[in-house]
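Q: Sharing a structure here in structure tokens format.
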Amino acid sequence: MQTTAVAHPNIALLKYWGKQDAPGNLPATPSLSITLDSLTTTTTVAEADFDQFRLNGQVVADAKVLRTLASWRRHHPIPPLTITSHNNFPTAAGLASSASGFAALATAVDAHCGLDLTQVERSELARRGSASAARSIHGGFVILRGPDWQAQPLLPEAAWPLQVFVAITAAGPKAVSSTAGMERSRTSSPYFDAWVASAEVDFAAMRQAVCARDFNALADLAEASCLKMHALMLSSHPPLLYWNGVTVECLQVIRALREDGCQVFATVDAGPQVKAVCKLDEAKRVEGALGQVAGVGRILRAGLGPGAALRQGRPRSC
Ligand code: PMV
């Protein structure tokens, strides 16, 4: 008897970086994201004698997964589980694999163990694994903010279709995990308080831009949020530099397209990959321009997608 759930990564257009100095894995700043469609994490859970986590065909001792299961078990009856997870995109390289991973796991565990959670409770479960995972429970445009830090849908995926290209500029996992990097920024950057203080204003402006479907306003705000977050990372001690030369080249190419009137913007997370978001009718132009950047390996293509969902298997009580 096993249960399978599917979830998609999300990309924050308004970034969160830094956690509160409190239990519950609470972000220090609000965020706004888009859930993608073609990138997928598929996770199957089954009862076992002890916990085992297999990722992309290999058994891995993932401390975050074990810690998260332990925190879920404080509130819910969850037996030892075999967890088998597969990503159809590069893992741990700034592509939000932990977001789709914990959203899929929370969804599978909820159904498998008959926890009967609401969508909001499931997003809280996912958030304990990775704060960004709370957003992958929902599709389309999603917000995550205090005081309750429960992710909420803002606009469904069909309401404002956009195209996303992910330019892969390097393979392999990132050098500093987002959890470690955030803690480093919180404890060492002279700019951390200013980042937190300005977040609500940025959030309100972006929420308004999304509700008005104002692409240019969204593009300005998303690029500003991304560069502000990377300035914070660079000002940490030791500095966090997630980019490589190809990352910068891609950013310049997107900037040049924008200056030429193309409706596109770029964003980068805790890794070297560049995500370009554009209107559907600009897709060919954007993909062509990124494809010409020397050092870009693959370009992944996605639209906006749905929230986490079950794929097969009946819910059952543990
Ligand atoms: O919650 P985490 O550990 O997946 O960290 C996410 C951090 C960023 O992707 C850089 C920003 C965000 O809001 O998703």
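Q: Among the residues of the stretch 239-255, which ones are more than 20 Å from the chain's Cα centre (by Cα), open to solvent by 50 Å² or more (accessible area, probe 1.4 Å) and in contact (Cβ under 8 Å) with a residue 12 or more places away in the chain? Spell out the reasoning first.
A: Initial filter on the stretch 239-255 (more than 20 Å from the chain's Cα centre (by Cα)): 239, 244-246, 248-250, 252-255.
From the residues that got through so far, the ones that are open to solvent by 50 Å² or more (accessible area, probe 1.4 Å) too are 239, 245, 248-249, 252, 255.
Answer for the stretch 239-255, where residues must be more than 20 Å from the chain's Cα centre (by Cα), open to solvent by 50 Å² or more (accessible area, probe 1.4 Å) and in contact (Cβ under 8 Å) with a residue 12 or more places away in the chain: 245, 249.
Q: Looking at the structure I just gave you, is residue 151 under 17 Å from the mean Cα position of the chain (by Cα), without any contact (Cβ under 8 Å) to a residue 12 or more places away in the chain and either part of a helix (DSSP H, G or I) or within 12 Å of the ligand (Cβ to nearest atom) (or both)?
A: So residue 151 does not fit the description; no.
Q: Can you tell me which residues in the stretch 155-176 are at pLDDT below 95 and farther than 21 Å from residue 286 by Cα?
A: Scanning the stretch 155-176 gives 171, 172, 173, 174, 175, 176.
Q: Let me ask another. Any chance the stretch 74-81 includes a residue that's in contact (Cβ under 8 Å) with a residue 12 or more places away in the chain, of a type in the set (Lys, Arg) and not in a helix (DSSP H, G or I)? Break it down into steps so the answer makes sense when it comes.
A: Initially, the stretch 74-81 is screened for residues in contact (Cβ under 8 Å) with a residue 12 or more places away in the chain, giving 76-81.
Keeping just the survivors that are of a type in the set (Lys, Arg) gives none.
Scanning the stretch 74-81 turns up no residue that is in contact (Cβ under 8 Å) with a residue 12 or more places away in the chain, of a type in the set (Lys, Arg) and not in a helix (DSSP H, G or I).
Q: Then there's this: For the stretch 220-238, which positions are in a loop (DSSP other than H, G, I, E, B) and either over 19 Å from residue 183 (Cβ atoms) or open to solvent by less than 10 Å² (accessible area, probe 1.4 Å) (or both)?
A: Residues of the stretch 220-238 in a loop (DSSP other than H, G, I, E, B): 235-238.
If the condition is that a residue be in a loop (DSSP other than H, G, I, E, B) and either over 19 Å from residue 183 (Cβ atoms) or open to solvent by less than 10 Å² (accessible area, probe 1.4 Å) (or both), then 236 is the only one that fits.
Q: Does residue 194 meet the test of being free of Cβ contacts under 8 Å to residues at least 12 places away in the same chain and over 25 Å from residue 303 (Cα atoms)?
A: yes
Q: When you scan the stretch 128-136, do you find a residue that is touching a helix residue (DSSP H, G or I) at 6+ places or on another chain (Cβ under 6 Å), open to solvent by 40 Å² or more (accessible area, probe 1.4 Å) and not assigned by TED's automatic domain parsing to the domain that holds residue 207, even just one? Full working, then the answer.
A: Step one: of the stretch 128-136, the residues touching a helix residue (DSSP H, G or I) at 6+ places or on another chain (Cβ under 6 Å) are 128-130, 132-134, 136.
Subsequent filtering for residues that are open to solvent by 40 Å² or more (accessible area, probe 1.4 Å) retains 128.
Next cut, not assigned by TED's automatic domain parsing to the domain that holds residue 207 only: 128.
Within the stretch 128-136 (the criterion being touching a helix residue (DSSP H, G or I) at 6+ places or on another chain (Cβ under 6 Å), open to solvent by 40 Å² or more (accessible area, probe 1.4 Å) and not assigned by TED's automatic domain parsing to the domain that holds residue 207), the answer is yes, since at least one residue qualifies.
Q: Filter the stretch 1-18 down to the residues that are farther than 14 Å from residue 97 by Cβ, within 16 Å of the ligand (Cβ to nearest atom) and part of a loop (DSSP other than H, G, I, E, B) and list them by number.
A: 15, 16, 17, 18, listed by residue number.
Q: A further question follows. Of the residues that sit in the stretch 9-67 and are hydroxyl-bearing (Ser, Thr, Tyr), over 13 Å from the mean Cα position of the chain (by Cα) and at pLDDT 95 or above, which one is nearest to residue 114 (Cα to Cα)?
A: Going residue by residue through the stretch 9-67, those that are hydroxyl-bearing (Ser, Thr, Tyr) are 16, 29, 31, 33, 35, 38, 40-44.
Pick out the ones that are also over 13 Å from the mean Cα position of the chain (by Cα) and you get 29, 38, 42-44.
Subset that is at pLDDT 95 or above: 29, 42-44.
Details: 29: 33, 42: 19, 43: 17, 44: 15 Å.
So, considering only residues that are hydroxyl-bearing (Ser, Thr, Tyr), over 13 Å from the mean Cα position of the chain (by Cα) and at pLDDT 95 or above, the one nearest to residue 114 (Cα to Cα) is 44.
Q: Check residue 71 against each of (1) outside any strand (DSSP E or B); (2) more than 16 Å from the ligand (Cβ to nearest atom); (3) open to solvent by less than 20 Å² (accessible area, probe 1.4 Å) and name the one condition it does not meet.
A: Tallying (1) outside any strand (DSSP E or B); (2) more than 16 Å from the ligand (Cβ to nearest atom); (3) open to solvent by less than 20 Å² (accessible area, probe 1.4 Å), residue 71 fails exactly one: (2).
The values are calculated or read from the model by the stated rules, or taken from the named source; none is laboratory data. From a predicted model like this one, the values you see are computed outputs, not experimental measurements. Don't worry about glycine lacking a Cβ; one is built from the backbone with ideal geometry, like all the others, and counts go over all protein chains shown. To get the accessible areas, we keep the full protein, side chains included, count just its heavy atoms, and leave off ligands, DNA and RNA. Shrake-Rupley method; radii C 1.70, N 1.55, O 1.52, S 1.80 Å.
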